[in-house]
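Bear in mind that the values in this text are calculations on the coordinates, not laboratory data. The structure displayed is predicted, hence computed values, not measured ones. Every residue, glycine among them, receives a Cβ derived from its backbone with ideal geometry; neighbour counts consider all protein chains shown.
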Amino acid sequence: MRKTLIKQGYFGILVFISLCVIAMIYYPGGTIIDSTTVGYLFFYNFFSNLGEWTAKNGEPNFLSAYLFNTSMLVLALSYSLFYFNFLKVIISRSKNLLLKTILIMSISISLLGFIFVAIFSSDPETFSLHILFVKIGFYSLFIHCIIQAIFIYSIKLPNNLLFNSTLIFTIIMFLFVLMMEFGPNPFENNESLFTQVTSQKIIVTSILIYFFIQVKEALKIKDSS
């Protein structure tokens, strides 16, 4: 049963990607800089644009919003089921109660943050709440990655892939947090928008790849235990 709950992480990744692609296809158009663009521009539209109930060109965006917000909830639920079952496999390998507690708290806060990102869209009425929960989700995930890297190093797994991938992902998260705080304002011009949107696409892709590696390595650890 536990192995199945770990393996379903693959399903969560697939559903997220599939729903996002369909949402992109049906997004009417418009960016935060130019409301006249047609369709979803991969390097000029944020993922959050998909979750808005009114597209940036002023047209209704119910289908894309429903699909994207559902994809966020599915991914958060899938990761929750995976991670807490993964923890049950490796938690006994460490006696450090503080690390265990921070691991659970940080990922729980992060997942709740991303759930509320889906609930509070980036439409003007809820934009400030949306940004707040985006930051809560990513900052908590960054803290979680640091602690997870320390935790995985401390239990000395026979395969270094999980530790190395966690370390690389933590560095990517650090760079993304810097971009969020100190990068160009995406509302200024298309160049700034391109930079911020591209960084978002990179971090989301990195999250999915890291999730995939975690599932793969968790199954190996489960089989060897």
Qualifying GluC sites (Glu not before Pro) in region 166-199, DSSP loop, other Cβ atoms within 10 Å at most 13:
Glu188
Considering only Gly39, Tyr27, Val204, whose Cα is most displaced toward the positive end of the charge dipole of the chain, charges sitting on Cβ of Lys, Arg (+1) and Asp, Glu (-1)?
Val204
Quick one, which of [x] 18.2, 58; [y] 18.6, 75; [z] 16.9, 51 is the actual Rg and Dmax of the Cα atoms in Å calculated for this model?
[x]
Scoring region 2-224 by relative contact order with C-alpha pairs under 8 Å, at least six apart, yields a percentage of 23 percent
Cα-based Rg/(2.2 N^0.38 Å) for region 105-156, rounded to two decimals, is 1.38
Could you name the aspartates and glutamates in cross-link range of Lys56, using Cα to Cα under 19 Å and dropping any fewer than eight places away on the same chain?
Asp34, Asp123, Glu125, Glu188, Glu191
With θ taken as phi - 60° and the coefficients 6.51, -1.76 and 1.60, list the Karplus ³J(HN,Hα) couplings across region 199-211 in order, rounded to whole Hz; mark glycine and proline as x.
5, 5, 5, 5, 5, 5, 4, 5, 4, 5, 5, 5, 4
Residue by residue through region 76-84, which ³J(HN,Hα) values in whole Hz follow from phi under the Karplus form 6.51 cos²θ - 1.76 cosθ + 1.60 (θ = phi - 60°), with glycine and proline marked x?
5, 5, 4, 5, 4, 4, 5, 5, 6
Amide H contacts of Thr54 (H built 1.01 Å from N, under 5 Å, at least 5 apart or other chain):
Asn61
Sorting Leu132, Leu162, Leu178 on the 10 Å Cβ count, fewest up front, what's the list?
Leu178, Leu132, Leu162
By Cβ neighbour count within 10 Å, fewest first, Val204, Val21 rank Val21, Val204
Listing Met72, Met1 by rising number of other beta-carbon atoms within 10 angstrom, fewest first, gives Met1, Met72
Selection from Ser71, Ala149, Thr54 lying farthest towards where the dipole of the chain points positive, charges on Cβ
Ala149
Can you flag which of Lys3/Lys216; Lys7/Lys201; Lys156/Lys220 are past 19 Å Cα-Cα?
Lys7/Lys201
Given unit charges at Cβ for Lys, Arg (+) and Asp, Glu (-), the dipole magnitude of the chain about its Cα centre in debye, nearest 20, is 1500 debye
Whole-Å distance, taken between Cα centres, linking region 103-149 and region 200-225
19 Å
Value at 222 nm in deg cm²/dmol, rounded to 500, when DSSP H runs of n ≥ 4 in the chain each add -39,500 (n - 2.57):
-26000 deg cm²/dmol
I'd like the Karplus ³J(HN,Hα) series for region 185-196: coefficients 6.51, -1.76, 1.60, θ = phi - 60°, whole numbers in Hz, and an x wherever there's a Gly or Pro.
6, x, 7, 6, 7, 5, 5, 5, 4, 4, 4, 5
